[in-house]
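The structure appears below as structure tokens.
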Amino acid sequence: MNALLGITDFLLHVLLTLYVYALMIRMLLGLTRADFYNPFSQSILTVTNPALRPLHKWIPHTGRLDTAALLLMVAVKFAELALRGLLVGRAAETGTLFLAAVFGVIDLALNLYIFAIFALVAISWLAPHLHGQSNPLVSVLHSITAPLLQPVRRMIPRVGVFDFSTAAVLLALFSAKIFLHSL
């Protein structure tokens, strides 16, 4: 693969993956009833509204699940895989690409949760040194990770200053990634 193809492949992957993450965060904001007036949430809405507004007219929410965002995530991942395959001259069947796109979105969701939990752990270590400064991202991270962490926190209580529930959830997420990659 020459340098131009490599750069194009890299940029396609990064840009479309970042967009899938934005769609995923938007979907999770709705699922967790996070604060949509938070500046970080507003940024996500600004980035995702142009594509989702028209889709919302045709694809209704399923409860709190933004079905349009979920379908668009899979479609964007599908398009990324198809375009990257065409770049290197390896076209795949539609069914194979669709499965790869679904598994790719699940893998990105696992990565998002892993990153969010690591970020919360790092922030909790730095919090005493921040002197009351708050970041809008912190409340979003708490909202998004609470559905995973709260049930585990009920089963594994804190031991002094240590919260082993985050370690348990991270182990489960990494295990799920290993299982997904084995498929």
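The values are calculated or read from the model by the stated rules, or taken from the named source; none is laboratory data. All values reported here derive from a predicted model rather than from experimental measurement. Neighbour counts run over all protein chains shown; Cβ positions are idealised from the backbone, glycine included. Keep in mind that these areas ignore ligands, DNA and RNA; they rest on the heavy atoms of the full protein, side chains included. Shrake-Rupley method; radii C 1.70, N 1.55, O 1.52, S 1.80 Å.
Yes/no per residue for (1) in contact (Cβ under 8 Å) with a residue 40 or more places away in the chain; (2) under 22 Å from LEU18 (Cβ atoms); (3) surrounded by 15 or more Cβ atoms within 10 Å (Cβ to Cβ); (4) not aliphatic (A, V, I, L, M):
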| site | (1), (2), (3), (4) |
| --- | --- |
| ARG33 | yes, no, no, yes |
| PHE36 | no, yes, no, yes |
| PRO54 | no, yes, no, yes |
| ILE59 | no, no, yes, no |
| MET73 | yes, yes, yes, no |
| LEU86 | no, yes, no, no |
| GLY89 | no, no, no, yes |
| ALA92 | no, no, no, no |
| PHE103 | yes, yes, no, yes |
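If I filter region 68-114 down to residues being of a type in the set (Val, Ile, Thr) and at pLDDT 95 or above, which single residue comes out as farthest from LEU173 (Cα to Cα)?
Residues of region 68-114 of a type in the set (Val, Ile, Thr): 74, 76, 88, 94, 96, 102, 105-106, 114.
Then keep just the ones that are at pLDDT 95 or above; that gives 74, 76, 102, 105-106, 114.
Working: VAL74: 20, VAL76: 23, VAL102: 17, VAL105: 14, ILE106: 11, ILE114: 7 Å.
My answer is VAL76.
Consider ALA68 against the criteria (1) without any contact (Cβ under 8 Å) to a residue 24 or more places away in the chain; (2) closer than 23 Å to PHE40 by Cα; (3) open to solvent by 70 Å² or more (accessible area, probe 1.4 Å): it satisfies all of them except one. Which criterion is unmet?
Checking ALA68 against (1) without any contact (Cβ under 8 Å) to a residue 24 or more places away in the chain; (2) closer than 23 Å to PHE40 by Cα; (3) open to solvent by 70 Å² or more (accessible area, probe 1.4 Å), the one that fails is (3).
Of all residues being over 23 Å from GLY104 (Cα atoms) and among the hydrophobic types (A, V, I, L, M, F, W, C) in region 20-71, which is farthest from the chain's Cα centre (by Cα)? Just the residue, please.
Across region 20-71, the extreme among qualifying residues is TRP58.
Only one residue in ALA116, ALA168 is under 16 Å from LEU28 (Cβ atoms) and open to solvent by less than 70 Å² (accessible area, probe 1.4 Å). Which one?
Details: ALA168 fails: under 16 Å from LEU28 (Cβ atoms).
So the residue among ALA116, ALA168 that is under 16 Å from LEU28 (Cβ atoms) and open to solvent by less than 70 Å² (accessible area, probe 1.4 Å) is ALA116.
Return yes or no: is PHE174 within 26 Å of LEU16 (Cα to Cα) and at pLDDT 95 or above? Quick ask: steps written out before the conclusion?
Working: within 26 Å of LEU16 (Cα to Cα): yes; at pLDDT 95 or above: yes.
It is true that PHE174 is within 26 Å of LEU16 (Cα to Cα) and at pLDDT 95 or above.
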